[in-house]
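Asks: Once you've had a glance at the structure underneath, I'll fire off some questions.
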Amino acid sequence: MYAGLAWASGGYLGNLPTTTPGTATFIDPKGHQEGRIYLHGLWEVTKEYARHAGATQESEGFVAIRYTARTVNVVVRPKGAESFKVVASLDGAPLPAAVWGEDINVDERGRTYFEVDTPRLYNVVKAPQVGSGELLLSTYSPDFLLYTFTFG
């Protein structure tokens, strides 16, 4: 599933307010459908990616997807040189240890996250068998450039 407008005219974005590249405030509609990416907060959407455009601790943005798969990966590129955390939750709670992807860590508050430091594919969910759930990726960083989700 691609986050940019060049792919299926942005058809993977479930709550796209416009098909014109630019910055907009996205409101999570809840009730997510599988096969769609849902943004919440201030995001810049281009032909290639969606970038969280919030720049302060008061401006958290998130990406939500409903999926059925064994693995969930996300292709992310940091805009700047600083690394940043993306908190990952599954069905409203930290990822259970049984489904941690190779890039998942746990912070002192028990939140599961991955650290974005280079442009690459990050493995978020790696379950022993196919399962369904709702994955939420949240960040305060304006350097979060989301390109695509892949599933296995």
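Every number in this text was worked out from the coordinates using simple rules, so none of it is lab data. All values reported here derive from a predicted model rather than from experimental measurement.
Asks: Suppose the chain between Asp28 and Gln129 were pulled fully straight at 0.36 nm per residue; how much longer would it get relative to their current alpha carbon spacing?
Replies: 33.5 nm
Asks: Comparing Glu115, Glu44, Glu82, which has the greatest mean-square fluctuation in the GNM of the chain with Cα pairs linked when under 10 Å apart?
Replies: Taking springs between Cα atoms under 10 Å, the residue moving most is Glu82.
Asks: Moving on to the next point. List, in order, the whole-Hz ³J(HN,Hα) value for each residue of region 70-87 obtained from phi through the Karplus relation with A = 6.51, B = -1.76, C = 1.60 and θ = phi - 60°; use x for Gly and Pro.
Replies: For region 70-87, the Karplus curve yields 9, 10, 10, 10, 9, 9, 10, 10, x, 6, x, 8, 7, 7, 8, 9, 10, 7 Hz.
Asks: So, one more: Taking amide hydrogens as modeled 1.01 Å from N in the peptide plane, which residues meet the under 5 Å criterion relative to Leu42, leaving out close sequence neighbours?
Replies: Phe26, Ala53, Gly54
Asks: Taking θ as phi - 60°, what are the ³J(HN,Hα) couplings along region 120-126 by the Karplus curve (6.51, -1.76, 1.60), each to the nearest whole Hz, with x for Gly and Pro?
Replies: 5, 8, 10, 8, 9, 10, 9
Asks: So, one more: I want to verify a result. In a Gaussian network model of the chain, Cα cutoff 10 Å, which of these has the top mean-square fluctuation: Thr19, Thr46, Thr112?
Replies: Thr19
Asks: For mean projected area of the Cα convex hull in nm², which listed value, [x] 9.8; [y] 8.2; [z] 10.6, comes from the coordinates shown?
Replies: Correct label, based on the coordinates given: [y].
Asks: Report the relative contact order of the chain, percent, no decimals, based on alpha-carbon pairs under 8 angstrom and at least 6 residues apart.
Replies: Computed value for the chain: 29 percent relative contact order.
Asks: If you average the C-alpha positions of region 1-45 and of region 89-152 separately, how far apart do those two centres end up, in angstrom?
Replies: Using only Cα atoms to place each centre, the spacing works out to 19 Å.
Asks: Of all beta bridges DSSP finds with both residues in the chain, what is the antiparallel percent, to the nearest 5?
Replies: 95 percent
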